[in-house]
1. Can you tell me which residue within the range 79-110, out of those that are open to solvent by less than 20 Å² (accessible area, probe 1.4 Å) and assigned to a loop (DSSP other than H, G, I, E, B), is nearest to ALA50 (Cα to Cα)?
2. Mind telling me which of the residues LEU142, LEU181, LEU123, LEU174 ends up being surrounded by 18 or more Cβ atoms within 10 Å (Cβ to Cβ) and either at pLDDT below 90 or over 32 Å from the mean Cα position of the chain (by Cα) (or both)?
3. Name the single residue that is nearest to the chain's Cα centre (by Cα) among those in the range 148-171 being exposed (fewer than 13 other Cβ atoms within 10 Å of the Cβ) and within 22 Å of VAL100 (Cα to Cα).
4. Among the residues of the range 111-120 satisfying the criterion of being more than 17 Å from ALA54 (Cα to Cα) and of a type in the set (Val, Ile, Thr), which is most open to solvent (accessible area, probe 1.4 Å)?
5. Applying the selection to the range 154-171, what residues are assigned to a strand (DSSP E or B) and either at pLDDT 95 or above or closer than 20 Å to ARG118 by Cα (or both)?
6. Kindly list the number of the only condition in (1) at pLDDT 90 or above; (2) crowded, with 17+ Cβ neighbours inside 10 Å that fails for ALA60.
7. Return the residues of the range 111-128 that are touching a strand residue (DSSP E or B) at 6+ places or on another chain (Cβ under 9 Å) and either without any contact (Cβ under 8 Å) to a residue 40 or more places away in the chain or assigned to a strand (DSSP E or B) (or both); say none if nothing qualifies.
8. Only residues that are open to solvent by 30 Å² or more (accessible area, probe 1.4 Å) and among the charged types (D, E, K, R): list them for the range 129-139, please.
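The values are calculated or read from the model by the stated rules, or taken from the named source; none is laboratory data. Because the structure is predicted, anything quoted here is derived from the model rather than measured. Here the Cβ positions follow ideal geometry from the backbone for every residue, glycine too, while neighbour counts run over all protein chains shown. Remember, those area values only see protein heavy atoms, side chains included, never the ligands or the DNA or RNA. Shrake-Rupley method; radii C 1.70, N 1.55, O 1.52, S 1.80 Å.
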Amino acid sequence: MRRLLLLLALALPFAPAVATPSDTKDIPEVVTAWFNDKALATVRSHAAEAFPHASADEVAAMRVGAPQKTAVFADQASVSNAIATSDRWIAPIMSGSDAVGAVSVNFASGVAGGEIVRGDERLGASIARDEPDVTFVWDPRLSAWFAMRESTIEPADSAGASVILGAVPLTDFLAQRERILTSSTPVPDPPSTTPVVPIDSGRNLPVVILAVLVVLGLLVGSLVWLRSEQIEGEKEQEPPSEDPALVHKRLTGIGETKMRFRDSAKKINVYKSPKKKDETRALSDD
């Protein structure tokens, strides 16, 4: 018994990160190897977009569950050919015992590519249940996941829930899907699944410069127009100009009045004559 426990303890550190599914014989080796070796690194590289509120420790503690093969909508007219088999495999992203999202990758020609990481708890929980009668269908045109159960379709993630509310017959779903794709109303974009690529500022520089010049031109034009309006208003408020002859006549009359005032002032003597003062003093002495 002790020897058995010792062997189990030695084997645990080397256990794969991917949970062992019930039908591992149906999973190709290239798929198993990718989910064992690269799935976690892919999840962490997309964590900023898929799990924006998760801390670094929470992201480091995430694990990837068992992968499942998926199907894809083929955009065929007939119902029987609307869904086709796909080389895309999907697995739940686990945080402890809770499913917090899903990671999928396409193995076209045996080469992994087109990784999609969704921080969608609804999608992760649906995949983690591992129901044998459910096939997950990827819709590249709606960018949404759906779950097919016999002849019904139901949403598997939040993007799919914006298209249908619950399980509907496949024929009804295809009709609804066709109306959405042919209507003028765009389908709401799902959460971003790819890293944000910085915009090449060099290509947009001429556009930015042109926009700045247009704004400056409008500003200068507005200032010139306001100034011209102000000048015209000031001109309208100025009093009418007088006749030069009338102005000269008025100024001449003022000058003559001043001159007459000066001449009359010179003839007035407000002091007593000294002679009269002496005569008065002589009489007083007598």
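1. In this case the residue turns out to be PHE107.
2. LEU174
3. LEU165
4. Step by step, filter the range 111-120, then rank; the result is VAL111.
5. Across the range 154-171, the qualifying residues are GLU154, PRO155.
6. Only one criterion in (1) at pLDDT 90 or above; (2) crowded, with 17+ Cβ neighbours inside 10 Å is unmet by ALA60, namely (2).
7. GLY113, GLY114, GLU115, ILE116, VAL117, ARG118, GLU121, ARG122, LEU123, GLY124, ALA125, SER126
8. Of everything in the range 129-139, those that are open to solvent by 30 Å² or more (accessible area, probe 1.4 Å) and among the charged types (D, E, K, R) turn out to be ARG129, ASP130, GLU131, ASP133.
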